[in-house]
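Report on one structure; see the data block that follows.
Where a number appears in this text, it was derived from the coordinates with a stated rule and is not lab data. None of the values given here were measured: they were computed from a predicted structure. Here the Cβ positions follow ideal geometry from the backbone for every residue, glycine too, while neighbour counts run over all protein chains shown.
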Amino acid sequence: MPKCTKCDREVVLLVNRVAEVHFYDLTLDGDCPSYEETSFETFGQGDFRCPQCQELLFSDLNAALAFLKEVPDATKP
Ligand SMILES: [Zn+2]
């Protein structure tokens, strides 16, 4: 079972935090603003954090995947 290098607790998954920007068309519906999402843009693969302590463990997807390969199959979500 892999352990977090920051808090030393066993982890079976990583929290993937990804930045996105959403684009909306803004119109008025009477006096109320109305937003319609038209698209969104994702920036990179994000970073990968420990679900226990929330510390950054990896900023590279391949490193995160290599870490998760140490999780036994029976405990995989
Ligand atoms: Zn941790």
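Annotations for the structure displayed:
- For the pair THR5 and THR38, a Förster radius of 30 Å applied to the C-beta separation gives a FRET efficiency near 0.15, rounded to the nearest 0.05.
- Counting only GluC sites (Glu not before Pro) that DSSP places in a loop and that have at most 12 other Cβ atoms within 10 Å, the longest clean stretch of the chain runs over 1-54.
- Each of LEU26, PRO72, LEU56 was scored by the projection of its Cα onto the charge dipole of the stretch 15-72, and the greatest displacement toward the positive side belongs to PRO72; charges sit on the C-beta of Lys, Arg, Asp and Glu.
- As a proxy for reagent exposure, LEU57, LEU13 were ordered by neighbouring Cβ count within 10 angstrom, fewest first; the result is LEU13, LEU57.
- With the Kirkwood sum run over all distinct C-alpha pairs, the chain has a hydrodynamic radius of 15.0 Å.
- Lys, Arg +1 and Asp, Glu -1 on Cβ, resulting dipole of the chain about Cα centre, debye, nearest 20: 740
- Converting phi to 3J(HN,Hα) with the Karplus coefficients 6.51, -1.76 and 1.60 and the offset θ = phi - 60°, the stretch 29-34 yields 10, x, 9, 9, x, 10 Hz in sequence order, with x at every glycine or proline.
- DSSP-assigned coil residues among trypsin sites (Lys or Arg not before Pro) in the chain, each with at most 16 further Cβ atoms within 10 Å: LYS6, ARG9, LYS69
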